[in-house]
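Student: Encoded as structure tokens, here's the structure I'll be asking about.
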Amino acid sequence: MSFNPTQFKKFAILAAEQADSKKALDILLLDLSKVQSAISDYSLVLSANSQTHLKALSEAIEERLEDNGLRAVHKDGAHGGHWLVLDYGGFVVHIFHEAVRGFYSLERLWENAKKVSWNSKSKKKLKPR
């Protein structure tokens, strides 16, 4: 089954809401559709406060999306790293341990990307980096 960008946006918002329900930190949803060299239309970037939290966030997001008919195309970083990636084709989820998120600074890489408001509280969560 293939999805269009509007459907991937809905999945990305669903993933952001699930991450929020599991107390993810600094949740940021970016529209990369107009960013040159972007490999997906949307990117969800969030932080975890521990390795256990990172794993729990990943599992909760995967489960929620699978329940809604979407499976990850590729996963990376599951073996004790501090950065986990879930690739869904039209959007990618980046879950960082909060101590290393600033080092990779994906927000700076995609500084021209539009920030997507995913719920009424999201404006408070979108902190400039």
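The values are calculated or read from the model by the stated rules, or taken from the named source; none is laboratory data. As the structure is a computational prediction, the values presented were derived from the model and not from experiment. In this analysis, Cβ positions are derived from the backbone assuming ideal geometry, glycine residues included, and neighbour counts consider all displayed protein chains.
Student: Read through the list (1) touching a residue at least 12 places away in the same chain (Cβ under 8 Å); (2) part of a helix (DSSP H, G or I), then give the number of the only condition that Thr52 fails.
Tutor: Among (1) touching a residue at least 12 places away in the same chain (Cβ under 8 Å); (2) part of a helix (DSSP H, G or I), the lone unmet condition for Thr52 is (1).
Student: Please specify each residue of segment 11-28 satisfying the condition of being among the basic types (Lys, Arg) and surrounded by 15 or more Cβ atoms within 10 Å (Cβ to Cβ).
Tutor: Selection gives Lys22 alone.
Student: Can you run down the residue pairs with Cβ atoms below 7 Å, 6 or more apart or on separate chains, where the first is in segment 108-123 and closer than 13 Å to Ile27 by Cβ and the partner is at pLDDT below 85?
Tutor: Lys115/Leu126; Ser117/Lys123
Student: Please go through segment 35-57 and pick out each residue that is more than 25 Å from Ala99 (Cβ to Cβ) and of a type outside the set (Ser, Thr, Tyr).
Tutor: Listed by number, the residues that qualify are Val35, Gln36, Ala38, Ile39, Asp41.
A quick yes/no check of all residues on (1) among the hydrophobic types (A, V, I, L, M, F, W, C); (2) surrounded by fewer than 20 Cβ atoms within 10 Å (Cβ to Cβ):
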position: Leu30; (1), (2): yes, no
position: Val35; (1), (2): yes, yes
position: Ala38; (1), (2): yes, yes
position: Leu44; (1), (2): yes, no
position: Lys55; (1), (2): no, yes
position: Lys75; (1), (2): no, yes
position: Leu84; (1), (2): yes, no
position: Val92; (1), (2): yes, no
position: Asn112; (1), (2): no, yes
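Student: Give me the residue from segment 84-100 that is part of a strand (DSSP E or B) and of a type in the set (Phe, Trp, Tyr) and, out of that set, farthest from Ala16 (Cα to Cα). Lay out the reasoning, then the answer.
Tutor: The first filter runs over segment 84-100 and keeps only residues part of a strand (DSSP E or B), leaving 84-87, 91-97.
After this cut, where a residue has to be of a type in the set (Phe, Trp, Tyr) as well, the list is 91, 96.
On the way: Phe91: 12, Phe96: 14 Å.
Taking the candidates together, the pick is Phe96.
Student: Another question about this same structure. Mind checking whether some residue in segment 64-83 is in contact (Cβ under 8 Å) with a residue 40 or more places away in the chain and within 15 Å of Lys22 (Cα to Cα)?
Tutor: Yes, segment 64-83 has at least one match.
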